[in-house]
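Report on the following structure.
The values are calculated or read from the model by the stated rules, or taken from the named source; none is laboratory data. What you see is a predicted model, and the numbers here were worked out from it, not measured in a lab. A quick note on method: Cβ atoms are made from the backbone with ideal geometry, for glycine too, and the neighbour counts reach across all protein chains shown. We work out accessible area using only protein heavy atoms, side chains counted, and drop any ligands, DNA or RNA first. Shrake-Rupley method; radii C 1.70, N 1.55, O 1.52, S 1.80 Å.
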Amino acid sequence: MFGRRRKARHEPLEDDPDFDPDFDGDGGPADEEYAEYGEAAGSGPYDEADAPGDDLNRLDLGSMRLPIPDGAQLQVEVDQSGPVRAVHLITEAGQVTVTVFAAPRSGGLWREVSKELVSRLRADGARVARVRGEWGDEIDAATQQGHMRFLGVEGPRWMLRGVAVGAEEQVEDRLVLLRDVVRETVVVRGADPMPVRSQLPLILPEAIAEQLKQATAGPADPGAER
């Protein structure tokens, strides 16, 4: 899809009632195998300062440059107050969403967020498991509505969260897609101070913003030109 694909690698899914959201992988047999972020040359997601000089098609959304898979459609989610909340990638395999948040210099935000996420998912009746992924622990959840996978990657004062949602039958293809998108995303944190956990603002390109404006506008008043 992006000219460079790796096979999705993860441990078999296993419902774990004793899931420890503080687990950091120390001593696990797969620690070295999955310790890729920050070690493998050319492996993202990238901070703006380390962005690759390639010709990959990325959509400039202000706080991040999002790679667009072949055949994907964009779905923009907007708050009632106006700001863009999310840009979803809709594909044959399901939906992929990447969001970036302000994080402390000391790191550790994904550990906190994943613990809260597990609690919320279980409270909603989801079957939740911990899965070892490319950037560390991921959260896998099965619900009556479908399958969800959450992953987190921390960079300089930012945390990227990737989410894949869709049918159980397309899990493998969707996880490959999620990792490919995350791996090629460029984060533009900026120098301005922001509260920890604040979502970095998304700014739509002018052409897309205009299309969204036209799509959400009400029908024209037939008597307006009289």
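When the residues of segment 57-77 are filtered to those that are exposed (fewer than 15 other Cβ atoms within 10 Å of the Cβ) and not polar (S, T, N, Q), which remaining residue is farthest from residue 216 (Cα to Cα)? I'd like the intermediate steps shown before the answer.
Filtering segment 57-77 for residues exposed (fewer than 15 other Cβ atoms within 10 Å of the Cβ) gives 57, 60, 62, 70-71, 73, 75, 77.
If we keep only those that are not polar (S, T, N, Q) too, we end up with 60, 62, 70-71, 77.
Working: 60: 22, 62: 22, 70: 26, 71: 24, 77: 12 Å.
Ranking the candidates gives 70 first.
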key: Every residue from segment 137-154 that is open to solvent by 20 Å² or more (accessible area, probe 1.4 Å) and touching a residue at least 60 places away in the same chain (Cβ under 8 Å)   = 137
Pairs, first in a loop (DSSP other than H, G, I, E, B) in segment 44-55, second open to solvent by 70 Å² or more (accessible area, probe 1.4 Å), C-beta under 9 Å, six or more apart = 44/37; 44/50; 45/37; 51/65; 54/3
ask   = Of all residues in segment 130-150, which are more than 15 Å from residue 162 (Cα to Cα) and not in a strand (DSSP E or B)?
value = 144, 145
request  = For segment 81-103, state whether one or more residues are touching a residue at least 24 places away in the same chain (Cβ under 8 Å), closer than 17 Å to residue 189 by Cα, in contact with a Lys or Arg (Cβ under 9 Å, 6 or more places away or on another chain) and not hydrophobic (A, V, I, L, M, F, W, C).
outcome  = yes
